[in-house]
Amino acid sequence: MSNVSLDLDAEEAAFQAQVAAIEKEWQNPRQAHLKRPYSAESIAALRNTIPITYPSSLQGDKLWNILKTHLANGTHEKTFGTTEPTVVSQMVKHQQTVYVSGALCGLSEVQHPGCDHADYPWDTVPKVVEKIFKAQLFHDQRQHQFRMRHSKEERAKLEKYDFMAPIIADGDMGFGGLTTTVKLAKLFVEAGVAMIHLDDLAIGLKKFTVGEGRTVVPTSEYLSRLTAVRMQFDVMGTNTLLMCRCDTDRSQFITSTIDPRDHEYIIGATKDLDPLVQYVANGMAEGKPYVQARDEWKSQAGLMTFDQAVKEKATEEEYQQYASKAIAYGVSLKEKRRIAKELVKQDVFFDWELPRTKEGQYMWKPSVKTIVERAVLVAPLGDMTWARMDAPVWKDIVEFHTEVRKVYPDRMFAFGFTGMYNYEAAGFTQEQVKSFSDDMAKLGIVWQVQPIWSVAGLNITAEKFAKEWQRDGIAGYIETISKPSRAPPIVDGFHKLSYAGSYLADAFFAVVAGEKIVP
Ligand SMILES: C[C@](O)(C(=O)O)[C@H](CC(=O)O)C(=O)O
């Protein structure tokens, strides 16, 4: 029955000690802002029986201190995305953090690259984090060893970088059911990540294509995802940070109507037509293109939310009475219908089933208010908040952060200078673009990222070099790369023995041979 002695008292005492330790961890100032919907007992019961510690926790603390300092000073950390350890070894000279972007991983770290649909294997990003973290450890080790070859006085003249910049990584939507999300969180922690972000997009429906747009999941599912990550971090006992990213801004669909907190924003037809799917199928059978048939239906369906439908039918006075009771957080459609029936004389036709897409999604009306509601609700599960926006609309940025800060004045936020932002089109002047980062920092946006620098950034460099190499060959290489990189201060590369790890390898040989490696 058992291969160990069954000392039940010892087992119970160890369990209770775990519970007490967890409760203490949760009161730590570093965790005090978090609220869990589960008990320390549940977490203790999910832990291993041997203690395991993770560098991810240290990196989480380090990141926390960096960002909190920025928050206190009204400043910010500005970083960019890469999947390349050599790039990381250079960016840490100027950036305090490193970003591992899902979009970049999906383009450069998989066998089948493609547009950012977060459709790559679920362990892709953690593997890249692990690669980068281990490379950081290598640079940290080889630099330390190189310094220790020198006397204290000599070391004053040697370079010293902090290669262990905390890594922030893209957890996308958690990649499936909660067990996948739990495994994803675990892999990230084991890989050495300092913070991951998780969003409210539906799996397979992160879209930046020219066709139909993005789909979010119900509020309840978003909450469960974030809770799953928090639970896993607690099970592992790490101070790894969780960023609650919300992609509701400009999303066009939601997967389900199960959560009344979403009902205010779900769009229905106010005209009693055939369902969209049927109309489109008929149209296509007659040879109409999909988009044409869809748009025809949409133009006839009187698409709007239930509250808007009531407004159309009610008198001003009726609507005011209706709004005071029915437009509030979490009022279900059923309750809205009941209130409308009681207060509005005319019948309100509204059917959110009719506009469902052929994948079953419901149509959705995004607004800053929805992001605020989601962000505020999930904030106690995470350490930071990121409202991913499709366009840099300054008014929306100010509104979102101001509203969340009314509830959580010390909240730290992130912002992504996402792919195809067009600042001019969004009404920014040159001056405003220049002060954008500093202005955002004043709103608590302490972590700012250009996630996909590597695409255009590396491509420009590669294309320029490819052209020169073709034109000038090794003579050109000597002039444009070799000579400048060898002139003091020597730029990192294979020619710099400390960077390439030669001294480190020599140290291994020396120690094995019984030689001294410190002065
Ligand atoms: C941050 C992001 O998730 C990424 O994968 O890098 C993308 C980047 C982008 O679209 O520019 C996103 O913002 O969704």
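Rule-based calculations on the coordinates, nothing more; no lab input. None of the values given here were measured: they were computed from a predicted structure. Cβ: placed from backbone, ideal geometry, glycine included. Neighbour counts: every protein chain shown.
At a glance:
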| item | result |
| --- | --- |
| Selected from 31, 253, 340, residue furthest toward positive end of dipole (the chain; charges at beta carbon) | 31 |
| Equivalent ellipsoid semi-axes - Cα gyration tensor, the chain, angstrom | 48, 31, 22 |
| Least to most buried among 420, 284 (fewest other Cβ within 10 Å first) | 420, 284 |
| Exposure proxy ranking, count of Cβ atoms within 10 Å, fewest first, for 449, 368 | 368, 449 |
| Modelled FRET efficiency - R0 35 Å, residue 462 with residue 11, Cβ distances, 0.05 increments | 0.05 |
| Likely footprinting exposure, 461, 181, fewest C-beta neighbours within 10 Å first | 461, 181 |
| Estimated distance in nm for a label pair at residue 41 and residue 369, the labels positioned 7 Å out from Cα along Cα-to-Cβ | 4.2 |
| Residue-by-residue Karplus 3J(HN,Hα) for the range 309-320, coefficients 6.51, -1.76, 1.60, Hz, glycine and proline x | 4, 5, 4, 4, 8, 7, 6, 4, 5, 4, 5, 4 |
| Nearest-ten-degree value, helix 276-285 long axis tilted from longest Cα axis of the chain | 90 |
| Restricting the range 206-278 to GluC sites (Glu not before Pro) in coil, as DSSP defines it, with at most 14 other Cβ within 10 Å | none |
| In order through the range 380-387: 3J(HN,Hα) via Karplus (6.51 cos²θ - 1.76 cosθ + 1.60), integer Hz, x for Gly, Pro | x, 8, x, 9, 8, 9, 9, 9 |
| Cα gyration tensor category, rounded, prolate or oblate, for the range 239-315 with a/c compared to 1.5 | oblate |
| Dipole magnitude (debye, nearest 20) for the chain, charges at Cβ of Lys, Arg, Asp, Glu | 1000 |
| Dipole magnitude of the range 101-209, debye to nearest 20 (Cβ charges: Lys/Arg +1, Asp/Glu -1, about Cα centre) | 580 |
| Reference-scaled alpha-carbon Rg (2.2 N^0.38 Å with N residues) for the range 39-191 | 1.21 |
| Ellipsoid semi-axes in whole angstrom, largest first, where each is sqrt(5λ) of the Cα gyration tensor of the range 312-452 | 36, 18, 16 |
| Loop GluC sites (Glu not before Pro), the range 411-519 (other Cβ atoms within 10 Å of the site Cβ: 13 or fewer; DSSP) | 424, 515 |
| Theoretical FRET efficiency, 1/(1+(r/R0)^6), r = Cβ-Cβ of residue 320 and residue 399, R0 22 Å, to 0.05 | 0.35 |
| Dipole moment magnitude, nearest 20 debye, the range 181-254 about Cα centre, only Lys, Arg, Asp, Glu C-beta charged | 100 |
| Positive-pole candidate from 481, 392, 378, dipole of the chain, charges at beta carbon | 481 |
| Solvent-free Debye scattering, log10 I(q)/I(0), computed from the Cα coordinates of the range 429-476 at q = 0.19 Å⁻¹ | -0.73 |
| Potential lengthening between residue 341 and residue 439 on full extension [0.36 nm per residue; Cα-Cα distance subtracted] | 30.5 nm |
| FRET efficiency, 1/(1 + (r/R0)^6) with R0 56 Å, evaluated for residue 312 and residue 470 via beta carbons | 0.30 |
